[in-house]
Amino acid sequence: MMDNEIDRELLEKIADMLGKPVGAFNIRKDSGCDGRQSTEHIEITSKTDGKSGIDIRIKDGTVGETCHIPVIITKPGIEEMVYNDFYIGENCNVDIVAGCGIHNCGDQTSRHDGLHTFYVGKNSHVHYTEKHYGEGDGKGGKIMNPQTVVYLEEGASIQMDTTQIRGIDSTKRYTKIVCGKGAEAVITERLLTHGDQVAESDMEIVLDGEDSKGRVISRSVAQDESSQVFYPRMVGNAQCFGHVQCDSIIMGQAKIKSIPAITANCTEAQLVHEAAIGKIAGDQLLKLETLGLTEEEAEDCILKGFLA
Amino acid sequence: MLELKHISYSVHEGDEELGILKDISLTIDDHKLVVFTGPNGGGKTTLAKIIMGLVTPTEGQIIWNGQDITGLGITERARLGISYGFQQPPRFKGLTVRDLLTLASGDSKLSKDKCCQYLTKVGLCANDYLDREVDVSLSGGEVKRIEIASILARNSQLMIFDEPEAGIDLWSFARLTETFEQIHANGSATMIIISHQERIISLADEVIVVGDGAIRHRGSASEILPQILADTLGGCPVLTKEVTAQ
Ligand SMILES: Nc1ncnc2c1ncn2[C@@H]1O[C@H](COP(=O)(O)OP(=O)(O)OP(=O)(O)O)[C@@H](O)[C@H]1O
Ligand SMILES: [Mg+2]
C-alpha cells in the first residue's frame, strides 16, 4: 500500500492523507483494492451484485469518526465506472473524505466515472469532502465524471465540499440532493479550469420536506481557453428556504455559462438565486499593487482567496 | 522628500481636452503632515493617485528622495516606500482582514497582536474582524477603517490617506486623529492627508487648497482655516444665516 512516491503524492493531494489514515478507509488504485479497513462502527464491503465498487455501512450513533475512500489512477488507459453506496444510520456525525487523483504520463485517456449514493438517516450529519486532481504530462486525457446522489431523512444534514483545481481535462458532474423534513444541504463548489479544459456541473436540490434548507455556494475561475457550464437548480415543494449563489471569474479567452433555476411548488417556499460572472476587478489588482505586490502576485492572491 | 514638478493631467472627452490638473509644483519635506483640501472635483484624489502611480501625468515629474519615479509602476513605488489609502477602497471576496493586513505589512507571519494594534488604532475590535472577509458584508465605514489600518500596517515612509474621515463615526474619528498625531509626533513617516475636516486640517504643518486643478492657497493651518471658512460661508447664504443665528 502506498508503495511509491506518485501514490503518496496523489493521496495527500486528494485526501490529505499522510501515511495510513485513522479510522475506516478503502483505497482504490488502478481499478483494484489497495487497502481497506473497517472499524467497529463503519463497515466497508465489496459490492456483490457484479458492479464495481463498495458498500459503506455506518451504525446508528456513530460520532466523530472519519472514513477515507480515495481513488487513484496511475496507469494510462484505465477507464472505470464505480458505484459506492453509503448507508448512514441515525444520530451519526461523520466525516467522509473521497477524492480522485489521476497521474497520466501516457497517451491514452484515463477516466474515472463514479456514482456515490448516500442514504443519511434521521438527525445524522455528514461532512463530505471531495477533491479532484490530475497530473502527468502525457497527451492522454484525464477525465472524471462524478455523480453524487443524497437522500436526507428527517433532521439530517450534509455539508458537501467539492474542489477541482487544475489538472482535469474534462469533467461532467451531477449532484442531486433530496431533503426530507427539517433536513439541510450545504454545497460549496470550487473549480478552476485552464488550457482547453471543459467542466460542467449539473446540480439539483429538491427541498421536499417542511422546514428543509438548501444552500449552494459555487465559485469558479476559468482561465485560458477553458469553458464551464453550471446548472444549479433548486426546487421547493414545501415550506423551505433555498439559496443558490454562483460567482465566477473569467480570464483570457475562457467561456462561462451559468444557468441557475429556482422552482417553487408551494407558496411557502422561499428561494433566492444570485449569479455573477466577471473579470478580476481592476481596483482589486491596483490596491494589492499599492501594497507592493506585482501584477501577477496580485492576481494569484485574488484567485487563491476567491477559491479558498 | 517628495517633489512634484509641473504636474499636469488631462483627459480627452470626445474632441475636447479636459484639463484636470494644471501645472502643479510642490515640495514636501520628510516627516511633515500636509493636508490637501478643497472643493469636490478639485483634483485632490487625482494628484494623490499620480504620486502613487495609479494615474500617469500628461506632463511633469515626480521626484522621491532624489530619484525620478515618474516612469515607475505602482509596485515599484510601493516598494520605495509610498502608500495610498483609497478614497473608495475595493472589496475582496475571500480575502480576510487578517490576509489584507498581512499582505500590507509584508510580513507573512504577522502576529495576531500586531493586527490587533493596527485595528485598535482605527477603532475596530480585532476579535470581531480579523477573520471576516473584506467583502460586501462589511459596512462602508468598516471597509474604510480597514483600509486605513492596512496603510498603518504597511508603515511606509510616505503615507497618503484619501478622506480617511469619510463615513467614520465620531468615536473612531477621534481615535484616528490621535493616531495621525502620534505618527506625526514620532516623526516616523511623512503624511499627506486629503481631508475636509477642520480637526485634521488643524494638525497640519501645511495646508494645500486644491481647486480647479491648481493650487489655490497654501500655508499653515492657522492661516488657511479662517480663509476656507470665510470662502465656504460666503459662498452659501443659507449656511451663513444658520451660523449667525446660532
Ligand atoms: N479619468 C477621468 N476622466 C474624466 N474626468 C476625470 C477623470 N479622472 C478625474 N476626472 C475629473 O477630474 C476632477 C477631479 O477629480 P478628483 O477625483 O481628483 O477630485 P477630488 O478633489 O478628489 O474630489 P472629491 O473631494 O469629491 O473627492 C473631477 O471633476 C473628476 O470628474
Ligand atoms: Mg477625492
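The values are calculated or read from the model by the stated rules, or taken from the named source; none is laboratory data. Computed from a predicted model, the values in this text were never measured in an experiment. Glycine gets a Cβ as well: all are built from the backbone with ideal geometry, and neighbour counts include every protein chain shown.
The strands (runs of 3 or more DSSP E) falling completely within segment A:136-188 that include 2 or more residues that are without any contact (Cβ under 8 Å) to a residue 60 or more places away in the chain, out of contact with any Asp or Glu (no Cβ under 9 Å at 6 or more places or on another chain) and closer than 27 Å to A:Val63 by Cβ map to A:142-152. Of all residue pairs spaced 6 or more apart or on separate chains, those with beta-carbon atoms under 6 Å, a first member in segment B:55-84 that is within 14 Å of chain A (Cβ to nearest Cβ) and under 24 Å from B:Ser10 (Cα atoms) and a second member that is of a type in the set (A, V, I, L, M) and assigned to a loop (DSSP other than H, G, I, E, B) are B:Arg77/B:Ile69.
Among the helices (runs of 4 or more DSSP H) confined wholly to segment B:136-223, which include 3 or more residues that are away from ligand 1 (no atom under 16 Å from the Cβ)? Qualifying helices (runs of 4 or more DSSP H): B:140-154, B:170-186. All conditions but one from (1) more than 14 Å from every other protein chain (Cβ to nearest Cβ); (2) surrounded by fewer than 22 Cβ atoms within 10 Å (Cβ to Cβ) apply to A:Ser212; the one that does not is (2).
So, of the residues in segment B:164-194 that are at pLDDT 95 or above and within 16 Å of ligand 2 (Cβ to nearest atom), which turns out to be farthest from B:Gly106 (Cα to Cα)? Step by step, filter segment B:164-194, then rank; the result is B:Ile194. Restricting the first member to segment A:98-119 and to residues that are in a loop (DSSP other than H, G, I, E, B), and the second to residues that are surrounded by 22 or more Cβ atoms within 10 Å (Cβ to Cβ), the beta-carbon pairs closer than 8 Å and six or more apart or on different chains are A:Asn104/A:Ile73; A:Asn104/A:Ser110; A:Asn104/A:Gly134; A:Asn104/A:Lys142; A:Thr109/A:Lys142.
For segment A:45-82, taking the residues that are touching a Phe, Trp or Tyr at 6+ places or on another chain (Cβ under 8 Å) and among the hydrophobic types (A, V, I, L, M, F, W, C), the one that is farthest from A:Arg111 (Cα to Cα) is identified as A:Ile58. Confirm whether B:Thr120 is surrounded by fewer than 20 Cβ atoms within 10 Å (Cβ to Cβ), more than 16 Å from ligand 1 (Cβ to nearest atom) and away from chain A (no Cβ under 14 Å). The answer is yes for B:Thr120. Within segment B:39-53, which residues are buried (at least 20 other Cβ atoms within 10 Å of the Cβ) and either more than 7 Å from ligand 1 (Cβ to nearest atom) or among the small types (Gly, Ala, Ser) (or both)? Within segment B:39-53, B:Gly42, B:Gly43, B:Ala48, B:Lys49, B:Ile50, B:Ile51, B:Met52, B:Gly53 qualify.
Considering only residues in segment A:215-252 that are among the β-branched types (Val, Ile, Thr) and over 17 Å from the mean Cα position of the chain (by Cα), the one that is nearest to the other protein chains (Cβ to nearest Cβ) turns out to be A:Ile249.
Would you check if there is a residue in segment B:43-50 being more than 14 Å from chain A (Cβ to nearest Cβ) and away from ligand 2 (no atom under 16 Å from the Cβ)?
To start, the set of residues in segment B:43-50 that are more than 14 Å from chain A (Cβ to nearest Cβ) comprises B:43-44, B:46-47.
Retained after the next criterion (residues that are away from ligand 2 (no atom under 16 Å from the Cβ)): none.
Looking through segment B:43-50, none of the residues is more than 14 Å from chain A (Cβ to nearest Cβ) and away from ligand 2 (no atom under 16 Å from the Cβ).
Does segment A:253-271 include one or more residues that are within 12 Å of chain B (Cβ to nearest Cβ) and surrounded by fewer than 16 Cβ atoms within 10 Å (Cβ to Cβ)? For segment A:253-271, residues within 12 Å of chain B (Cβ to nearest Cβ) and surrounded by fewer than 16 Cβ atoms within 10 Å (Cβ to Cβ): absent.
From the list B:Ile194, B:Ile168, B:Ile224, B:Ile215, which one is of a type outside the set (Asp, Glu), in contact with a helix residue (DSSP H, G or I) (Cβ under 6 Å, 6 or more places away or on another chain) and closer than 27 Å to B:Gly19 by Cα? Please lay out each step first, then the result.
Working: B:Ile168 fails: closer than 27 Å to B:Gly19 by Cα; B:Ile224 fails: in contact with a helix residue (DSSP H, G or I) (Cβ under 6 Å, 6 or more places away or on another chain); B:Ile215 fails: in contact with a helix residue (DSSP H, G or I) (Cβ under 6 Å, 6 or more places away or on another chain).
None of the other options fit; the residue is B:Ile194.
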